[in-house]
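Input: a single structure, listed below in structure tokens.
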Amino acid sequence: MNIAKARHWLRRTLQQYDIDNSIRESILILEIVTGRNEAYLRAHENERLSPEQQGRLLEILDRRCRHEPLAYIEGEQAFFGRTFRVGPGCLVPRPETELLVEHLCSLISPEGMVIDWGTGSGCIAISILGAIPEAQAVAVDCSPLALGYAWENARRQKVERRLLLWHSARVGDMPPSASKPSLLVSNPPYIPTSETARLMPEVARYEPLRALDGGEDGLWFAKQLLQWAGANLAHGGLAALEIGGQSQLTELRRYAPTALVLAEAINDYNGIERIAIWKHI
């Protein structure tokens with residue numbers, strides 16, 4: 001089987017199993033199998049796959065047709081110009097969260113302490129540390145599996161000396177070094193419990209539910225984080241949260257403590273209010 005036939009066969013098979021973006025995914029699978037980029041694959045369509053490559057292709061296709069996330073199959077996900085190790089028990093980084101990091105990097109004081117609550121793979125904290133060499137961060141998560149990925153990613157990106165990993169499920173449980181931080185950032189669980197059953201199979205079957213389920217209104221964690229920020233952020237510090245749209249933003253504006261003022265709300269690529277940033281006054 002050559003590259004062109006493999007690509008067409010992958011696309012048709014993925015479509016049969018209701019995999020979105022089957023054209024793009026067929027290329028991504030071939031990139032994994034061959035170790036070549038898309039430009040090479042398109043320029044060498046008549047090149048034959050080796051028996052080993054064909055075997056690897058079948059293995060990946062079988063897992064993908066069961067809707068396992070491609071990031072789990074490959075073991076990594078691109079994020080903010082870096083590659084992060086991910087796997088079961090660790091939420092796959094999303095493009096919307098890249099918007100959050102990109103915006104914060106222009107606002108953060110280099111000397112301040114950053115707290116990344118619900119760090120998962122560590123993509124937020126590590127990306128900020130990579131962009132701001134003077135910064136230090138505490139990354140908090142309730143999952144030992146996720147923290148294992150975060151530690152591996154910190155070492156791969158050579159920021160481990162500036163990052164403290166903290167295992168906790170409670171918003172108020174922070175290490176002493178987290179006193180009066182200049183930034184609290186989080187992509188907390190914000191999907192209402194009633195909506196989790198309608199998530200796409202890649203998410204519902206494989207990604208950790210506790211990283212997604214935000215309680216009855218989706219704001220159980222976000223409300224706690226704002227209360228903590230109001231009591232603990234340094235003067236002028238920022239609390240930046242990823243949220244689930246206008247209705248959640250409206251509710252959080254009513255709930256936020258008086259020490260915080262909403263400084264900015266940012267839409268994602270689909271025009272949905274996705275990032276809310278409060279300032280401690």
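The values are calculated or read from the model by the stated rules, or taken from the named source; none is laboratory data. Note that the structure is predicted; figures quoted are calculated from it, not measured. Neighbour counts run over all protein chains shown; Cβ positions are idealised from the backbone, glycine included. Areas reflect the complete protein model, heavy atoms only, side chains present, ligands, DNA and RNA absent. Shrake-Rupley method; radii C 1.70, N 1.55, O 1.52, S 1.80 Å.
Backbone phi angles across segment 268-281, fed through the Karplus curve with coefficients 6.51, -1.76 and 1.60 (θ = phi - 60°), yield HN-Hα couplings of 8, 5, 9, x, 8, 4, 10, 10, 10, 10, 9, 10, 7, 9 Hz in residue order; Gly and Pro are listed as x. In the chain, the sites counted are trypsin sites (Lys or Arg not before Pro) in DSSP loop states with at most 16 other Cβ atoms within 10 Å, and the longest stretch holding none of them, exclusive of the sites, is 67-157.
Carbon-plus-sulfur accessible fraction, segment 98-222 (probe radius 1.4 Å, protein heavy atoms only): 54%. For the chain, the longest principal axis of the alpha carbon atoms and the long axis of helix 246-255 meet at an angle near 20°.
Summarising the amide proton neighbourhood of Met113: residues at separation of 5 or more, or on other chains, whose placed amide H is nearer than 5 Å comprise Ser182, Leu183. Efficiency by 1/(1 + (r/R0)^6): what FRET value for Gln224 and Asn21, r their Cβ-Cβ distance, R0 = 35 Å, to the nearest 0.05? It comes to 0.45.
When only the Cβ of Lys, Arg, Asp and Glu is charged (+1, +1, -1, -1), the dipole of segment 187-281 relative to its Cα centre reaches about 240 debye.
Counting only alpha carbon atoms, the long axis of helix 3-16 and the longest principal axis of the chain meet at about 60°. Using just its DSSP H runs of length 4 or more, each adding -39500 (n - 2.57), the chain gives a mean residue ellipticity at 222 nm of -12000 deg cm²/dmol after division by all residues. Full extension of the chain between Arg94 and Asn37 yields a length gain of 18.4 nm, computed as 0.36 nm times the residue separation minus the alpha carbon distance.
Karplus-derived 3J(HN,Hα) values for segment 192-201, using 6.51 cos²θ - 1.76 cosθ + 1.60 with θ = phi - 60°, are x, 3, 5, 9, 5, 5, 9, 5, 4, x Hz; glycine and proline are entered as x. The Glu47 and Ala169 beta-carbon pair, evaluated with R₀ = 41 Å, returns a calculated FRET efficiency of approximately 0.25.
Its relative contact order, with pairs defined as Cα atoms under 8 Å and 6+ residues apart, puts the chain at 13 percent.
About its Cα centre, the dipole of the chain is roughly 360 debye, where the only charges are +1 on Lys and Arg Cβ and -1 on Asp and Glu Cβ. Considering only Glu52, Glu152, Glu134, the Gaussian network model of the chain with Cα springs below 10 Å gives its largest mean-square fluctuation to Glu52.
Between Pro189, Pro51, Pro69, the residue with the greatest mean-square fluctuation in the GNM of the chain (Cα pairs under 10 Å linked by springs) is Pro51.
Which one, Thr193, Ala71, Asn232, projects farthest toward the positive side of the charge dipole computed for the chain from Cβ point charges (K/R +1, D/E -1)? Checked the options; the winner is Ala71. Taking the Cα centre of segment 121-182 as origin, work out the dipole magnitude from +1 charges on Lys and Arg Cβ and -1 charges on Asp and Glu Cβ, in debye rounded to 20. So the dipole magnitude of segment 121-182 works out to roughly 140 debye.
Along the Cα-to-C-beta direction of Arg205, a point sits 7 Å from the Cα; which residues of segment 79-113 have their amide N less than 16 Å from that point? Residues 88-89 fall inside that zone. Note on the chain: GNM, Cα springs under 10 Å; of Ala229, Ala43, Ala139, the largest mean-square fluctuation is that of Ala43. For segment 109-202, the relative contact order is 35 percent, taking Cα pairs closer than 8 Å that sit 6 or more residues apart in sequence and dividing their mean separation by the residue count.
Projected label points at Cys105 and His67, each 7 Å from Cα along the beta carbon direction, are separated by 3.4 nanometres.
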